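Visitor: Have a look at this one.
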Protein chains: 2
Amino acid sequence: MHRPRSAVPSSTLSAPAEQRGTPTGPVRQGPDAKAALAPATAEVRGGFWETRRTVNAHTSIPQGPGLLESAGNLQNLRIAAGTAEGEFQGGYPFVDSDVYKWLEAASWQLAQGTPESDSGLAADVERVVSLVAGAQQPDGYLNTWFHLLKGGERYKDLRWGHELYCAGHLIQAAVAHHRATGGSELLDVAVKFADQIDSVFGLPESGRPIDGIDGHPEIETALVELYRETGERRYLDLAGYFVDRFGHGLLGGEAYCQDRVPLREAIDVEGHAVRQLYLLAAAADLATETGDAELRAAAERLWAAMTATKTHITGGLGAHHDEEDFGDPYELPNERAYCETCAAIASVQWSWRMALLTGEARYSDLIERTLYNGFLAGVSLDGESWLYVNPLQVRDGHTDPGGDQSARRTRWFRCACCPPNVMRLLASLEHYLASGDAGGLQIHQYATGRYTAGDITVRCETDYPWQGSIGVTVEKAPSDRPWTLSLRVPQWCSEYRVRCGDTVYDQSDAPVTDGWLRLERTWAPGDRIVLELALEPRLTAADPRVDAVRGCVAIERGPLVYCLEQADHPGGGLDDIVLDTTRPLTVEHRPDLLGGVTTVVAAGHRRHIPDAGWWPYRTADTADIPPAGGPVELTAIPYYAWANRQDGSMRVWLPTS
Amino acid sequence: MHRPRSAVPSSTLSAPAEQRGTPTGPVRQGPDAKAALAPATAEVRGGFWETRRTVNAHTSIPQGPGLLESAGNLQNLRIAAGTAEGEFQGGYPFVDSDVYKWLEAASWQLAQGTPESDSGLAADVERVVSLVAGAQQPDGYLNTWFHLLKGGERYKDLRWGHELYCAGHLIQAAVAHHRATGGSELLDVAVKFADQIDSVFGLPESGRPIDGIDGHPEIETALVELYRETGERRYLDLAGYFVDRFGHGLLGGEAYCQDRVPLREAIDVEGHAVRQLYLLAAAADLATETGDAELRAAAERLWAAMTATKTHITGGLGAHHDEEDFGDPYELPNERAYCETCAAIASVQWSWRMALLTGEARYSDLIERTLYNGFLAGVSLDGESWLYVNPLQVRDGHTDPGGDQSARRTRWFRCACCPPNVMRLLASLEHYLASGDAGGLQIHQYATGRYTAGDITVRCETDYPWQGSIGVTVEKAPSDRPWTLSLRVPQWCSEYRVRCGDTVYDQSDAPVTDGWLRLERTWAPGDRIVLELALEPRLTAADPRVDAVRGCVAIERGPLVYCLEQADHPGGGLDDIVLDTTRPLTVEHRPDLLGGVTTVVAAGHRRHIPDAGWWPYRTADTADIPPAGGPVELTAIPYYAWANRQDGSMRVWLPTS
């Protein structure tokens, strides 16, 4: 085996242009892209994610049209088209986007080519596309809220109106539909709308009437993707114009919508989390396509600030219910963690663009953490109900009527942004797993499947995240040159070994450089590599400035964050539980539990809490020496699987004394 | 000296009817009231509260009309009266109530009879009363939002409209104006409106058309007070009807507005904090006037639940920004503590009614804590700016544009409920300090002033809360019978002594019973009692279920909660500070600082925080042993005085390791 090659500054790497197109994925790159890596062609067949994606394909996505019908979204399109009568339904100006996100999800699903459910799905897609096309106005504009409720007045309420936001989701759906089916019906609608927008928005000197941006970023990434799909440079330029007009007071100058400071000057993420993240994904896209070093530096700077001070251990983002906002640095509450499911998705989208742009593994570290925890908790195991917010604690006696910002799973939301967003990420998940460059192929996430970059194809087999063994078999490889198989060794992993053929290396002789284990040789079909990541459960503490978890630890195993749920602890709540850190953690795989999970069992006790009378604050001396209560065995389940049984309390962070 | 008499169950006590009228106070009692205690007649002359009240009288209250003019509230009245033209201003349906609360505050201020500013104030009051009267419609209805914006449509949006809420504040203002000035111009307006409301609302079988309640309780206490002022029993009955119709789904059944469960069945406070508290104040009023034991039991039960599990150490109430809501039990965040100033005021109003109803000292314990901390922080030392929310922590690097829900003092709010609410409580504060019953006089709060109950008058002199010595001199007393001077020994106080003439008693021979030190003898004018409360600064810990403050203590001294402010700790922030609990606390009175405060100085150090890279979570083993950073002297100031210097970080709860 060749020694892993020494670190090459990632900015000098670049993927060849012919690798940049992923026929059925959401982040294609243009022919002049300046990214270190290009997305690989991938398929997932088996393992953890296949199970989740099957539920998505067989339950969640097929239910979309019915839910969009009952919520009124589809009827709005008919009324706008003049084929039905009635009043606008839905209460929000952005309800069209729910339709578009579902269309995007369904399109990525169609691209899988799995026959069993596709004929019905293809018909549903065709039907909904027709509704969308029918609602478009002759000049290309399309928004049922403004058309039906606002007398057709356009672009007068950019702060709240979500017109360009909806247009962005329409464009993304159209690109997905085109890539998946080859059909142009929806792409034509999107192009026509994009051209209408392009004729209206621009700097004053451009001769176009409106110098403005949408209060909710989204169209920016969409326009870059439309450029990638059509080759039309105007869309890329318009995206760049939009991104750079934030921070100049066009929206009133508020941090809430990233209008306080230009992105290029910002030193921290702020305001509404999803808005900030979509905008940063666009910055990464623009830096990818144009090589804009200043934009890239801003995105790198903000990503580092966000992860170091504003990210929950689950990868969840957004500390405030109020305004769905990032909080202050280290303000990471548990019971009131907002961690909107859409923010987790936006984080994955942004981080993947950064991973490709820079070639750095840390971005995929965050993607892994987010996918397995903060994101996946957003959908129930049966694919039928959802969490909009993803708290890290539910207290004993918590009362909750359900609904949009609830800690209880809900069938559909009044503001239904998250469910179709989950659907589209799950349906396109394979495109976030691997990449290629001129030097070889990189596996970012470990899922059973097949990955192709240029003339290299490898097959991956694993029971990850339950088992730490990942087998990679070379299926296709150039016979005339060495290339590098890069395996990401996760940031959480402190011990691993790798077997290439009959030789086993550990971290001393196969070291990780910047998160990558790089194995270079002239690989031949049939060559097999097995990476073994040690999956000992571990106790994790936070930076001491995270006040919310002082004196607590979290249980983690591999990429999974664990939690206690009341269902596993009959006879009491969770608010008085203390973990004994001196006793070993043990694991048990439970195929019967929650679709099959590995649990972590720990020792603890219930705290003896003296009767405090009517006032819960006492002189510190006496409060500091509470005697221990009775022992209790603590059974931790993966956080993603919580809230799939009866209502009850839950906690990720466990007091240790 | 007679031994303090043994505890008499407070429910057997009752104040004689002739003591129940406080000529100029906000909580009079009707002739048949079933309360243990009746409010005393009181005046505050000197000391801590006189200083705060002088600022209120000389700065805050006089600025009211100008601020209400510039915010449009007064112009709305003119437009409704037809004496001006224009559009409704203010953006909220409850803006009339700001005018009424100011009128109530100004009326209580006029009742003080302090000549220096009253001629201008009286003229302002007269002018604003005329505007209110002019806006009333012929049948008594008065609400500028519905009159100007909703085409005069009435009582169709009880969930959000605040019509009865505004009416309640009008009634309270009218009662205050009548008690203070004897004039009936505003009372006539209120009575006419109350009669209009009484003709409309009632149970279906009453023959009145609407079975409904207002989404924001307020009219209920107001109607009880109007009954007390006019003797008209219909108002009391209507208040009882309103209180009992909550919890039956008339507002949609949401906990937010206390409509999930009837008050008589509730086991915990829930929903919007101010709404819940105003409703409970009304329950206490009704139990007082009618002797309704079930309502009283509900109020007692909910007060105990609230204080034990949902009250911040400052007395602040309401854990959520979102919906201004009580959170779950023990959910008491620091940086996102909502603790609306209005909730602190409502808590004082409710607790005072409970103190009078039951005779129990714990209600006044909470009043003291709230007045000196959670309430008083709501207004700046100069009386010119305000806090709507009262967090217990502001982080290093906190960015804040100011405004309604900000941690920065603001000149006036878009939703300006809190400032005039502070004004009215400060202007009527003397009525919350002392009471009388058939057996004597009770001093609940220690302020320099004079207190009269029946034929007993005492004078109180004290530098409280800076000094623990309280001198009480009997000025007037019956010569023919013994009576009891009851002094509340605060719940925080673990050591005290009392001198009666030349004899000194400590807690062993003058014990406290249920919070009261009861001194019974045949007192004579000139008799002097000195109560000495030990004011050693102390470290306070919370119930371990209050996750937000695990591993932290708060500094308290007497009734004051202390905090660290960045202004006193140059050269660094507060997020990395650790208190050394083994070193003594020292106090220093600083007449130059923040209007004169006693500071508490403690030893601490800055925490050494290793560079965590991009991810702030680490394996617990290594995270548990951070070396100490440099020592730092910590200077704590009273919480009420925070945010009166430059912007910066602040914290009440201090980590200890």
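The values are calculated or read from the model by the stated rules, or taken from the named source; none is laboratory data. Being a predicted model, the structure only gives us computed values, none of them experimental. Here Cβ is always computed from backbone atoms with ideal geometry, including for glycine, and neighbour counts include all displayed protein chains. Accessible surface areas use protein heavy atoms only, side chains included; no ligands, DNA or RNA. Shrake-Rupley method; radii C 1.70, N 1.55, O 1.52, S 1.80 Å.
Visitor: Quick check for me: using +1 on Lys/Arg Cβ and -1 on Asp/Glu Cβ, what's the dipole size of chain A about its Cα centre, in debye to the nearest 20?
Guide: On the way: 59 positive and 89 negative charges, 195 e Å.
My answer is approximately 940 debye.
Visitor: Can you give the convex hull volume per residue for the Cα atoms of region A:315-406, as a whole number of Å³? Each step should come with its number before you reach the end.
Guide: Working: hull volume 10.6 nm³, N = 92.
So the per-residue hull volume is 115 Å³.
Visitor: Please work out the Cα center distance from region A:497-530 to region A:195-238, rounded to the nearest Å.
Guide: Each part's Cα centre sits 46 Å from the other's.
Visitor: While we're here: Starting from the Kirkwood Rh over alpha-carbon pairs, what translational D in µm² s⁻¹ does chain A have by Stokes-Einstein at 25 °C and 0.890 mPa s? Walk me through the numbers before you get to the answer.
Guide: Working: Rh = 25.6 Å.
Once the numbers are plugged in, D ends up at 96 µm²/s.
Visitor: Using alpha-carbon pairs under 8 Å, 6+ residues apart, how would you state the relative contact order of region A:181-288 in percent?
Guide: Numbers: 132 pairs, mean separation 23.9, N = 108.
Relative contact order here is 22 percent.
Visitor: Setting aside same-chain residues fewer than 8 positions from A:LYS34, which lysines have a Cα under 27 Å from its Cα?
Guide: Within the straight-line cut-off, A:LYS34 pairs with A:LYS476.
Visitor: For region A:47-151, evaluate the Debye formula with one uniform point scatterer on each Cα (no solvent term) and list log10 I(q)/I(0) at q = 0.19, 0.22 Å⁻¹, rounded to two decimals.
Guide: Listed by q, the Debye log ratios stand at -0.91, -1.11.
Visitor: Let me ask another. Label position 7 Å from Cα toward Cβ: report the copy-to-copy distances for B:HIS589 in nm, one decimal, ordered from shortest.
Guide: Distances between equivalent label points, in nm: 7.3.
Visitor: How many nm is it between the label spots at B:ARG208 and B:ASP647, if each spot is 7 Å from the Cα in line with the beta carbon?
Guide: Here the modelled spin labels are 4.9 nm apart.
Visitor: I'd like the distance separating the alpha-carbon centroids of region B:71-141 and region A:73-114, in whole Å.
Guide: So the separation of the two Cα centres works out to 50 Å.
Visitor: Taking the label point as lying 7 angstrom from Cα along the Cα-to-Cβ axis, what are the distances from A:SER494 to the corresponding position in the remaining copies, in ascending order and in nanometres?
Guide: The projected label point of A:SER494 is separated from its counterparts by 4.1 nm.
Visitor: Another question, if that's okay. So for region B:236-306, what percent of the C-alpha to C-alpha distances run longer than 16 Å? Before the final figure, lay out each step's value.
Guide: Values: 983 of 2485 pairs.
So the portion of pairs separated by more than 16 Å is 40 percent.
Visitor: Please compute the per residue accessible area over region B:20-171 with all protein chains in place, 1.4 Å probe, rounded to a whole number of Å².
Guide: Working: 5220 Å² over 152 residues.
Per-residue value: 34 Å².
Visitor: Let me ask something else. Using a 1.4 angstrom probe and counting only protein chains, how large is the accessible area of A:VAL474 in Å², to 10?
Guide: Approximately 0 Å² for this residue.
Visitor: On to the next question. What does the charge add up to near A:GLU232, with Lys and Arg as +1, Asp and Glu as -1, over the other residues with Cβ less than 11 Å from its Cβ? Intermediate values should be presented prior to the final figure.
Guide: On the way: positive: A:ARG228, A:ARG233, A:ARG234; negative: A:ASP195, A:ASP198, A:GLU229, A:ASP237.
That works out to -1.
Visitor: Counting helices only, and only those DSSP H runs with n ≥ 4, report the 222 nm mean residue ellipticity of chain A as the sum of -39,500 (n - 2.57) divided by its residues, in deg cm²/dmol to the nearest 500.
Guide: -10000 deg cm²/dmol
Visitor: Around B:GLN507, what is the net charge, scoring Lys/Arg as +1 and Asp/Glu as -1 over all other residues with Cβ under 10 Å from its Cβ?
Guide: On the way: positive: B:ARG497; negative: B:GLU495, B:ASP506, B:ASP509.
It works out to a net charge of -2.
Visitor: Calculate the all-directions average of the projected area of region B:29-69's alpha-carbon convex hull, and give it in nm².
Guide: 5.2
Visitor: Give me a comma-separated list of calculated 3J(HN,Hα) values for region A:423-433, in order, Karplus coefficients 6.51, -1.76, 1.60 applied at θ = phi - 60°, integers in Hz, x for any Gly or Pro.
Guide: Listing the rounded values in order: 4, 6, 6, 4, 6, 10, 4, 4, 7, 9, 9 Hz.
Visitor: In nm to one decimal, list the spacings between the B:ARG45 label point and its equivalents in the other copies, with label points set 7 Å along Cα to Cβ, shortest first.
Guide: 9.6
Visitor: Could you bin all the Cα-Cα distances of region B:511-657 into 10 Å bins starting at 0 and give me the percent of pairs in each, rounded to whole numbers?
Guide: 9, 31, 29, 16, 9, 4, 2, 0
Visitor: A further question follows. Taking each pair of different alpha-carbon atoms in the protein assembly as shown once, compute 1/r for the pair, average those values, and report the inverse of that mean as the Kirkwood hydrodynamic radius in Å to one decimal.
Guide: On the way: mean 1/r = 0.0298 Å⁻¹.
One over the average 1/r among Cα pairs gives 33.5 Å for the protein assembly as shown.
Visitor: Further question on the same structure: Could you report the buried accessible area between A and B, both sides summed, computed with a 1.4 Å probe and given in Å² to the nearest 100?
Guide: Working: alone 23420 and 23400 Å², together 41720 Å².
So the buried area, both faces added, is about 5100 Å².
Visitor: Let me ask another. Taking just the C-alpha trace of region A:353-453, give me its Rg and Dmax in Å.
Guide: Rg then Dmax for region A:353-453, in Å: 16.9, 57.
Visitor: Lys and Arg at +1, Asp and Glu at -1: add these up for the other residues within a Cβ distance under 14 Å of B:LEU585 and post the number. Numbers along the way, then the final one.
Guide: Values: positive: B:ARG538, B:ARG557, B:ARG583; negative: A:ASP621, B:GLU536, B:GLU556, B:ASP580, B:GLU588, B:GLU633.
Charge balance in the 14 Å sphere: -3.
Visitor: Another question, then. Apply the Debye scattering formula to region B:399-544, with a single equal point scatterer on each alpha-carbon and no solvent, then give log10 I(q)/I(0) at q = 0.10, 0.15, 0.16, 0.18 Å⁻¹.
Guide: Debye intensities relative to I(0), on a log10 scale: -0.47, -0.83, -0.90, -1.04.
Visitor: Let me know the mean shielding of B:328-338 by other chains, meaning the per-residue number of their Cβ atoms within 10 Å of its Cβ. Mind showing how you got there, number by number?
Guide: Working: counts 13, 6, 6, 7, 1, 7, 4, 8, 10, 0, 1.
Per residue, the average neighbour count from other chains is 6.
Visitor: Pop out the Kirkwood hydrodynamic radius of region B:478-570 from its pairwise C-alpha distances, inverse of mean 1/r, in Å to one decimal.
Guide: Working: mean 1/r = 0.0615 Å⁻¹.
Result for region B:478-570, one decimal place: 16.3 Å.
Visitor: Stick to Cα atoms and the Kirkwood definition of Rh, then tell me Rg/Rh for region B:574-646. Could the numbers behind the result be given before it?
Guide: Values: Rg = 16.4 Å, Rh = 14.7 Å.
Radius of gyration over Kirkwood radius for region B:574-646 works out to 1.11.
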